[in-house]
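The values are calculated or read from the model by the stated rules, or taken from the named source; none is laboratory data. As the structure is a prediction and not an experimental result, all values here were calculated from the model. So basically every Cβ, Gly included, is an ideal-geometry build from the backbone, and we count neighbours across all protein chains shown. Remember, those area values only see protein heavy atoms, side chains included, never the ligands or the DNA or RNA. Shrake-Rupley method; radii C 1.70, N 1.55, O 1.52, S 1.80 Å.
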Amino acid sequence: MIQIVIADDHPLLREGLRRILEFEDGIKVVAEVGDGQGAINIARTLEFDILLMDLNMPGVNGLEAGRVIRREKPNIGILVLTVDDSDDKVFQVLQIGVAGYLLKDVDSKTLIESIYKVYNGEPILSPAVTGKLMGQLSQPPVKNTCGLSDRELEILHYVVQGSSNREIGIALFISEKTVKNHLSSIYRKLEVEDRTQAALKAVKLKLIQLDVIK
């Protein structure tokens, strides 16, 4: 059973999300809060799997709350659900290592699928957010590749596209275990902790061209 906390300052939206999630047998909403400080407090006192959180909340906002929760409770997957797709906010949020970033126009089926993916350790980005990352990658790459091999750069490109380990393995004709080994090496060379941070750093450093992988 995936245990979820909803953090949003709009009671009607929280109620709507709860009703959607209650129809799914494998998901249970264990608490609701209306601001970022409430999210921090509940993370400190309650064991749960995923925090479904808005960014624009009064007092302590979602970005600030996310930083604290990621530092104190790294096992909680933070799935951002927001209307804000501004470039600055997207990159700030991805930099703290959230598990997913969805916009509030997402349909219920995609939301539930995203929750299961986050629970299983797969990063989730809305198409609009992925488009922003890919747009940044259209810039020419810098010569410094941080010591990444050609294979690691291939895998990093798929990571930025949001591909799972299984999808990367199928595309490159390698096992999921081999993909994981390459990812560990990528994280070490880029000095990051997870695939979302790796994708963000790849964008900032312009390590990859869009036409590297067809």
Of all residues in the stretch 176-197, count the ones that are assigned to a helix (DSSP H, G or I) and open to solvent by less than 30 Å² (accessible area, probe 1.4 Å). 7
May I ask you to list the residues in the stretch 144-175 that are of a type in the set (S, T, N, Q), modelled with pLDDT of 85 or more, open to solvent by 40 Å² or more (accessible area, probe 1.4 Å) and within 18 Å of the chain's Cα centre (by Cα)? none
Just one of Asn56, Asn41 is free of Cβ contacts under 8 Å to residues at least 60 places away in the same chain and within 18 Å of the chain's Cα centre (by Cα); which is it? Asn56
Residue count, the stretch 19-31, condition more than 21 Å from the chain's Cα centre (by Cα) and at pLDDT 95 or above, comes to 2
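Okay, residues lined up against (1) within 17 Å of Asn75 (Cα to Cα); (2) at pLDDT below 85:
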{"position": "Ser86", "(1), (2)": "no, yes"}
{"position": "Gln95", "(1), (2)": "yes, yes"}
{"position": "Leu111", "(1), (2)": "no, no"}
{"position": "Tyr119", "(1), (2)": "yes, no"}
{"position": "Val129", "(1), (2)": "no, yes"}
{"position": "Val142", "(1), (2)": "no, yes"}
Sort out which residues of the stretch 37-55 are at pLDDT below 95 and of a type in the set (Gly, Ala, Ser), and write them in order of number. none
I need every pair where a residue in the stretch 100-124 that is among the basic types (Lys, Arg) has its Cβ under 9 Å from the Cβ of a residue that is assigned to a loop (DSSP other than H, G, I, E, B), sequence separation at least 6 or different chains. Lys104/Asp54; Lys104/Val83; Lys117/Ala99; Lys117/Pro123; Lys117/Ser164
